[in-house]
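Before any comments, here is the structure.
The values are calculated or read from the model by the stated rules, or taken from the named source; none is laboratory data. What you are looking at is a predicted structure, and each value in this text was computed from that prediction instead of being measured. Every residue, glycine as well, gets a Cβ built from its backbone with ideal geometry; the counts of neighbours run over all protein chains shown.
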Amino acid sequence: MRVGLLVALAFAIFVLDEPWNWVVVGLGAAWELGETALLVRWSKRRRAVVGAEALVGRLAVVSAECRPEGQVRIAGELWRAQCAEGAGAGEKVVIREVDGLTLLVEPLP
């Protein structure tokens with residue numbers, strides 16, 4: 001990815017005379033620093049959401065009846081779940097909260 005600096009160095013060594021070779025190397029280095037700063041800023045634009053807390057708001061499918069406790073499947077994983085209103089097997093539910101390793105869910109309206 002350091003093409004700008006490599007091209008500037010090649011021009012400075014093989015093509016240009018003093019003082020233009022230093023100007024081109026400086027411009028190539030400035031280009032690389034600007035590109036690096038832009039990429040770092042772009043990569044930090046949003047925090048990564050990881051862990052069980054990332055499940056809040058997602059849909060899950062009930063595997064074992066939740067009346068009030070059961071299991072739901074989300075992203076291929078089985079989770080213990082509690083549903084105060086109750087939900088039958090195969091129904092879709094929304095994850096509202098995470099309590100340890102138990103998901104608190106509500107049926108879809």
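Tell me which of these G100 doesn't satisfy, since it passes every other one: (1) over 17 Å from G51 (Cβ atoms); (2) under 29 Å from the mean Cα position of the chain (by Cα); (3) surrounded by fewer than 13 Cβ atoms within 10 Å (Cβ to Cβ).
Only one criterion is unmet by G100, namely (1).
Just to verify a result, which residue in region 67-78, among those that are farther than 16 Å from P107 by Cβ and hydrophobic (A, V, I, L, M, F, W, C), is surrounded by the fewest Cβ atoms within 10 Å (Cβ to Cβ)?
A75
Applying the selection to region 18-66, what residues are at pLDDT 85 or above, loosely packed, with under 14 Cβ neighbours inside 10 Å and charged (D, E, K, R)?
E18, R41, K44, R45, R58
So L5 passes all but one of these: (1) touching a strand residue (DSSP E or B) at 6+ places or on another chain (Cβ under 9 Å); (2) surrounded by 15 or more Cβ atoms within 10 Å (Cβ to Cβ). Which condition number does it fail?
(1)
Of all strands (runs of 3 or more DSSP E) completely enclosed by region 21-109, which ones contain at least 1 residues that are of a type in the set (A, V, I, L, M, F, W, C) and closer than 30 Å to V3 by Cα?
none
Any residue in region 93-107 that is in contact (Cβ under 8 Å) with a residue 60 or more places away in the chain sitting within a Cβ distance under 6 Å of a residue that is part of a strand (DSSP E or B)? List the pairs, counting only those 6 or more apart or interchain.
none
Mind checking which residues of region 83-95 are more than 11 Å from V61 (Cα to Cα) and surrounded by 15 or more Cβ atoms within 10 Å (Cβ to Cβ)?
Matches in region 83-95: C83 only.
Pick from region 30-54 the residues that are among the charged types (D, E, K, R) and touching a residue at least 12 places away in the same chain (Cβ under 8 Å): which of them is farthest from E97 (Cα to Cα)?
Here the answer is E32.
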